[in-house]
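What follows is a short report on a single structure.
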Amino acid sequence: MNQPIVYAIVAMVCYGLSDFIYKQAATAGIRADHFLMAQGWFFCPLVILYALATHTLVLDLAALWGSLAGAFIFIGFYYFIRSLAVGPVSTNASIFRLNFIVTVVLVVALLGEPLTLSKIAGLVLALLATWLLLGSRVSVNHAPDDARTHSLVQVAVATLAFGASNLFHTIGLRHGAVPETLAVAQAVVFTALATVVVYVADRKLRPPPVTFKYSTAAAIVLLGVAGIGASSGKDLRNFLLCSGLVAGMVSAELGCGGGSSMGPGQVATRTTLSSSGLKVGFGTPVTFSVLVVPQGSATPMGSVQLLDNGTTYGNPSRVNAGVASFLTTNLPVGVHVITAQYLGDASTLGSTSAPITQVITGIVPMQITGTSNGTVETADFSVSVN
């Protein structure tokens, strides 16, 4: 079993635990907005610190897609938690986690992704599971009919919103946003929305103390996925790319699966390159992040080579889940035009990113040597690059 699938399975387990915590909080009478605000207060700073520590907080317009995703994630969780007040978690959570169906429909309709027979079969089975869950809901839930219907509407809204958030995250990645930066944008908007909603409703920001007992536990469970990834030699990218998209039909679209190209031949790819800091001092660590997106149902598994002013720089890095990264501290002082070249593999064609300009500031010692009347003269001076 390859590592992206392991990440997806671990994510499913963690999401199951978080759903249980959400139900316990709803049963305890904790309001959804209080819960999400407290969860955001704990989760958001840690995500920002992670991005800063790994030099992957890269401000880019493409990260605004993460902000949009954060708004829809808030809507999704808000209505999901509210639906648990009277709805059974075994039913509502299962329906909510089928939000990948919404994502599949959206990426096929809006992004032109191919709809294969395996995906159609997966959608049919998922819809059948939903129908069976709704049938069991009627038989086991003794809440009043109006309450059951209201809970069903709430979980439907939550499912649609969360499915849309997956689409926005995908678009952000395809426009070259760094996954960690997307996570920060999501967390900031999510936390801000939750805080504003609570303040508007209460005119104060003082949730009951018991709220933090449940919300902190849920945040830790979700952060645990990233921790497991880091301890396995990976980073938050795998968590972001795979944790919310555990179904194979969606994972294949984002490079989490092990799919191959449709039919014979290779599919085209698009490579984007970003830097953790386009202007840094000499010796400062710089992380170059490369995203390889296939133009079809294939998973890029080749290598990426960086080029500095057209010359090979460093060793190739293997693509994992559509992402490769390079950490360097030895770029010389000066202006460097960096490009990333994806070398392709059996199912995907190679592609080259648009160049970025990397500036390394510092002082460059120089010496001029010349001969005058048979005497060799030298002059030492330095050039400062700012």
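Can you name the residue in the range 17-44 that is small (Gly, Ala, Ser) and more than 21 Å from Ala183 (Cα to Cα) and is also surrounded by the fewest Cβ atoms within 10 Å (Cβ to Cβ) among such residues? Across the range 17-44, the extreme among qualifying residues is Gly29.
A quick yes/no check of all residues on (1) within 10 Å of Gly70 (Cα to Cα); (2) assigned by TED's automatic domain parsing to the domain that holds Gly296; (3) touching a residue at least 40 places away in the same chain (Cβ under 8 Å):
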{"position": "Phe168", "(1), (2), (3)": "yes, no, yes"}
{"position": "Ala177", "(1), (2), (3)": "no, no, yes"}
{"position": "Ala183", "(1), (2), (3)": "yes, no, yes"}
{"position": "Val188", "(1), (2), (3)": "yes, no, yes"}
{"position": "Leu193", "(1), (2), (3)": "yes, no, yes"}
{"position": "Val200", "(1), (2), (3)": "no, no, no"}
{"position": "Arg206", "(1), (2), (3)": "no, no, no"}
{"position": "Lys213", "(1), (2), (3)": "no, no, no"}
{"position": "Val221", "(1), (2), (3)": "no, no, yes"}
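Against the criterion of being outside any helix (DSSP H, G or I), in contact with a Phe, Trp or Tyr (Cβ under 8 Å, 6 or more places away or on another chain), in the same structural domain as Ala187 (by TED's automatic domain parsing) and touching a residue at least 60 places away in the same chain (Cβ under 8 Å), Ile73 does not qualify. Just to be sure before I move on: is Leu68 modelled with pLDDT of 90 or more, part of a helix (DSSP H, G or I) and on the phi < 0 side of the Ramachandran plot in the structure I sent? Criteria met by Leu68. Residue-level check: of (1) part of a loop (DSSP other than H, G, I, E, B); (2) surrounded by 20 or more Cβ atoms within 10 Å (Cβ to Cβ), Ala185 misses just (1).
Looking at the range 115-127, which of the residues that are surrounded by 14 or more Cβ atoms within 10 Å (Cβ to Cβ) and not hydroxyl-bearing (Ser, Thr, Tyr) is nearest to Ala268 (Cα to Cα)? The extreme case among them is Leu115. Within the range 148-194, the set of residues being among the β-branched types (Val, Ile, Thr) and in contact with an Asp or Glu (Cβ under 9 Å, 6 or more places away or on another chain) comprises Thr170, Val178, Thr181.
Ile73 meets the conditions (1) surrounded by 18 or more Cβ atoms within 10 Å (Cβ to Cβ); (2) over 16 Å from the mean Cα position of the chain (by Cα) in every case but one. The failed one is (2).
Just give me the residues in the range 305-331 being touching a strand residue (DSSP E or B) at 6+ places or on another chain (Cβ under 9 Å) and within 30 Å of Ser118 (Cα to Cα), in sequence order. Correct list: Arg318, Val319, Gly322, Val323, Ala324. Across the range 367-386, the qualifying residues are those that are of a type outside the set (A, V, I, L, M) and surrounded by 10 or more Cβ atoms within 10 Å (Cβ to Cβ), and the one among them that is modelled with the highest pLDDT is Glu377.
Among residues of the range 94-113 that are more than 16 Å from Ser18 (Cα to Cα), those with a Cβ under 9 angstrom from a residue that is basic (Lys, Arg) and surrounded by fewer than 20 Cβ atoms within 10 Å (Cβ to Cβ), sequence gap 6+ or separate chain, pair up as Leu111/Arg174.
The values are calculated or read from the model by the stated rules, or taken from the named source; none is laboratory data. No experiment lies behind these values; they were computed from the predicted model shown. We place every Cβ from the backbone using ideal geometry, glycine too, and count neighbours over all the protein chains shown.
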